[in-house]
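Peer 1: Just dropping this structure here.
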Amino acid sequence: MLLPSLSILCLAYNEEENVRWFVPQLVNIAERIANDYELVVVTHPHPSDRTNELLAEFSSANPRIRPVNQPPGTRGYGPAFALGLTQAQKEFAFHTDIDGQFLYEDLFRAVEIQRKTDADLVHFNRRRRKDPWERKIIGLTHRVLVHLVYRCPVWDFDSAFNLFRTSFLKNMAISSTSGFTVPEFMIRMAQMGAKIVTDETEHQPRRAGKPLWEVKPAGLGIILPDSGIVRANLKDIWLQRKALKARF
C-alpha cells in the first residue's frame with residue numbers, strides 16, 4: 001500500500017446527488033492507497049434532501065464510511081471543516097469536497113509527491129478554474145486579503161485538496177468559526193514547522209447543486225457572496241491576525 005493509513009475528510013450539506021456519485025469513487029481510491037482507511041463525511045443534522053439517509057445506507061454497507069453530524073445550531077463550511085479535523089483517526093488525512101470539483105485520482109500524484117519529498121502537507125492549487133467570473137474574483141480577493149494580512153504565500157485556500165499528516169492536529173486548536181478555518185489551518189501548519197509542498201490539479205465544474213454562500217439578487221444577474229458569510233470571514237481574519245502573525 002502507498003500509505004500506512006488514510007482518513008478522507010469531506011463535507012456534505014444538501015449534496016444528495018454528489019454523495020451518490022462520488023462516495024463510491026472516493027472509497028475505491030482509498031482502498032487502492034491504504035488497507036486501513038476511513039471516509040469521514042461531516043453533515044448537517046437537518047438537510048432538505050436525502051444526503052444523510054444516503055450516507056447512512058452507504059455506512060451500513062461499509063462501516064469505514066463514517067457520517068458525522070454537526071452539533072445543533074452550527075452551520076457552514078468553517079465549523080464543518082474544524083469538526084472533520086477532530087474526527088481524523090489515521091496517520092494521513094485527505095481533505096476534499098464531495099461536489100466533484102477535483103480529479104480525485106490526482107490523490108495518487110499527491111501521495112507520490114509526499115513520499116518523494118517527505119512533505120507534511122501537500123496542497124494542490126486549482127488549474128484553469130471552471131467557475132463563473134464572479135467566483136474567480138471573490139476567490140482572488142480572499143486569497144490576496146489573507147496574504148496581505150498574514151504575509152503568507154498566496155495559496156489557493158479555497159482549493160479543497162490537502163493531503164497531510166494528522167500528527168500536527170494534536171497540538172492545533174482552530175479558533176475561527178467561518179470559512180477562514182481553512183487558511184488558519186494551513187497557516188498554523190506552517191507555523192508549526194510543517195514542510196508544505198504545492199502543486200496543481202485540473203479544476204472541474206461542480207457536478208450538481210450550488211455552494212451555500214452564493215446569492216443571486218433579483219434583477220442583477222450576477223453571483224454575490226452571502227453578506228453574513230462575508231462578515232464572518234472578515235471578522236475571523238481580523239481577530240486571528242495577532243495570534244497567527246506572532247508566530248509566522
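The values are calculated or read from the model by the stated rules, or taken from the named source; none is laboratory data. Owing to the predicted nature of the structure, the values given are computational and were not obtained by experimental measurement. Cβ: placed from backbone, ideal geometry, glycine included. Neighbour counts: every protein chain shown.
Peer 1: Hey, could you check the stretch 82-138 for residues that are in contact with a Pro (Cβ under 7 Å, 6 or more places away or on another chain) and surrounded by fewer than 16 Cβ atoms within 10 Å (Cβ to Cβ) and say which is nearest to Asn28 (Cα to Cα)?
Peer 2: Glu91
Peer 1: Do any residues in the stretch 148-165 that are more than 12 Å from Ile187 (Cα to Cα) have Cβ atoms under 8 Å from those of residues that are among the small types (Gly, Ala, Ser) and in a loop (DSSP other than H, G, I, E, B), where the two are at least six apart or on different chains, and which pairs are they?
Peer 2: Listed pairs, sorted by first residue: Phe164/Ala194; Arg165/Ala194.
Peer 1: Sticking with this structure for a sec: For Glu38, are the conditions met, namely being loosely packed, with under 15 Cβ neighbours inside 10 Å, among the acidic types (Asp, Glu), outside any loop (DSSP other than H, G, I, E, B) and at pLDDT 95 or above?
Peer 2: no
Peer 1: Sort through Gly193, Gly139 and tell me the only one that's assigned to a helix (DSSP H, G or I) and either small (Gly, Ala, Ser) or under 18 Å from His95 (Cβ atoms) (or both). Break it down into steps so the answer makes sense when it comes.
Peer 2: Details: Gly193 fails: assigned to a helix (DSSP H, G or I).
After applying the criteria, what remains is Gly139.
Peer 1: Given the conditions (1) in a loop (DSSP other than H, G, I, E, B); (2) modelled with pLDDT of 95 or more; (3) surrounded by fewer than 18 Cβ atoms within 10 Å (Cβ to Cβ); (4) in contact with a helix residue (DSSP H, G or I) (Cβ under 7 Å, 6 or more places away or on another chain), report the number of the one that Leu3 does not fulfil.
Peer 2: If we test Leu3 against (1) in a loop (DSSP other than H, G, I, E, B); (2) modelled with pLDDT of 95 or more; (3) surrounded by fewer than 18 Cβ atoms within 10 Å (Cβ to Cβ); (4) in contact with a helix residue (DSSP H, G or I) (Cβ under 7 Å, 6 or more places away or on another chain), just (3) comes out false.
Peer 1: Among the residues of the stretch 64-89, what is the count of those that are touching an Asp or Glu at 6+ places or on another chain (Cβ under 9 Å) and either among the charged types (D, E, K, R) or without any contact (Cβ under 8 Å) to a residue 60 or more places away in the chain (or both)?
Peer 2: So the answer is 3.
Peer 1: Pull out all pairs, ordered by first then second residue, where Cβ-Cβ is under 6 Å, the residues are six or more apart or on different chains, the first lies in the stretch 219-248 and is at pLDDT below 75 and assigned to a helix (DSSP H, G or I), and the second is surrounded by 14 or more Cβ atoms within 10 Å (Cβ to Cβ) and among the charged types (D, E, K, R).
Peer 2: Cβ pairs passing all conditions: none.
Peer 1: Can I ask one more? Could you go through the stretch 43-56 and let me know if any residue there is within 25 Å of Gln204 (Cα to Cα) and in contact with a Leu (Cβ under 7 Å, 6 or more places away or on another chain).
Peer 2: yes
Peer 1: Determine if the stretch 95-105 includes at least one residue that is touching a strand residue (DSSP E or B) at 6+ places or on another chain (Cβ under 7 Å), modelled with pLDDT of 95 or more and within 22 Å of Ala190 (Cβ to Cβ).
Peer 2: Yes, the conditions are met somewhere in the stretch 95-105.
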